[in-house]
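Everything on this sheet refers to the single structure shown next.
The values are calculated or read from the model by the stated rules, or taken from the named source; none is laboratory data. These numbers come from a predicted model, not from an experiment. Positions of Cβ are backbone-derived with ideal geometry, glycine not excepted, and every protein chain shown enters the neighbour counts.
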Amino acid sequence: MNFVPAASAAPADDALLIARYVAGDEQAFTPLLLRYQTRVFTTILLIVRDRALAEDLVQDTFISALRTLRAGRYTENGKFGAWVLRIGHNLAIDATRCQKRTPTISLDARIGGHDTSTLTDRPRHDYLLTANARREAADQTPEAVIIRHEQNEQLRSLIQELPNTQRQVLLMRHYGEMSFQEIADATGVPVNTTLSRMRRALLKLRQRLASGGTAAALLMAVLTCGNPSALLPDFSPSISTDADDSTRYATGADPLCVR
Amino acid sequence: MIQLVTQQALIRYVYDELAPDAHQELGQALRHDPALANDCAELLHLQHCLNAILEAPSAASTNAILAAARWR
């Protein structure tokens, strides 16, 4: 079967917004940020599992991207979302390496909990419910909300337990919206290896998550409309770097380093 | 037992990366192969779960980035 590029990977106006921003229109960056910040933040959070740190890293990510744009060194035409997500991914990987080398930093801060005390005094937020859960909570019983919250927590834990190569492909494909071929190119492995990693990752997650009747309902919806991607959310409305940052990313061991 | 190649095609299918003819072919297969359809249903459910854990950064982070985006 033939590949086709991930059609939704880069909205057509990303390049226009970037050009406007580089030309001095500050407002042009806002839709770009709003379009990609959720996916970048989620990816970072799933890697570091520390909300306060993830908040810092998402800022670092976009500020790094801004520096690259301003310096006129942005060359990822049409791939802004994937590019900024790779920056965030690499910053998160670097951060987890630092965490492992620094035992005084709490590794117990849970995404869904309130214990977020880590590196510095940071403002605390309401972590109990995800954005999606908040929207749905209004017409759900308290029990259903609690169950969904626990399921989400379980999924986050399972993702973190995946081997790095599998987690990388999962995050890049699902949240970064990179095609499997793009991920293969970025990681330097054959596309079949990328697909195999994705398959193993999804298999592990599937084995641990109970689907109930939701799966069948989703399949019926797909067979009716014929387009699986139509069921995915429409994300509403990204950074390299000064010389130091570029060097940092380019010399990292992670194969998805931004160059 | 579904073969590996079909499982990979199924993953491409749910991520909408199959060429139109292959997409249509697999769509037809789903209607006649309960095991394949079950696997597809599970993958779609998993996508649904992965979307459910999407979270936006705090407004403070968004505002900090927007402030940094100012040229002056």
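Kindly indicate whether B:ASP39 is more than 7 Å from chain A (Cβ to nearest Cβ) and buried (at least 18 other Cβ atoms within 10 Å of the Cβ). Yes: the conditions hold for B:ASP39.
Within the range B:57-72, if we keep just the residues that are of a type in the set (A, V, I, L, M, F, W, C) and crowded, with 20+ Cβ neighbours inside 10 Å, the residue that is farthest from A:LEU69 (Cα to Cα) turns out to be B:ILE65. Does the range A:61-71 include one or more residues that are in contact with a Leu (Cβ under 8 Å, 6 or more places away or on another chain), aromatic (Phe, Trp, Tyr) and at pLDDT 95 or above? Looking for residues that are in contact with a Leu (Cβ under 8 Å, 6 or more places away or on another chain), aromatic (Phe, Trp, Tyr) and at pLDDT 95 or above, one finds at least one in the range A:61-71, hence yes. Please go through the range A:45-60 and give me each residue that is more than 9 Å from chain B (Cβ to nearest Cβ) and of a type in the set (Val, Ile, Thr), ordered by number. The answer is A:ILE47, A:VAL48. Look through A:THR38, A:THR30 and report the one residue that is facing chain B (nearest Cβ under 9 Å) and closer than 24 Å to A:LEU158 by Cβ. Answer to the selection: A:THR38.
Among the candidates B:ALA60, B:ALA41, B:ALA22, the residue that is in a helix (DSSP H, G or I), aliphatic (A, V, I, L, M) and farther than 29 Å from A:GLN154 by Cα is uniquely B:ALA22. Note on the range B:5-30: residues that are within 7 Å of another protein chain (Cβ to nearest Cβ) and farther than 21 Å from A:SER179 by Cα total 1. Is there a residue in the range A:3-17 that is surrounded by 19 or more Cβ atoms within 10 Å (Cβ to Cβ), farther than 29 Å from A:ASN192 by Cβ and either more than 12 Å from every other protein chain (Cβ to nearest Cβ) or modelled with pLDDT under 90 (or both)? Yes - at least one qualifying residue is present in the range A:3-17.
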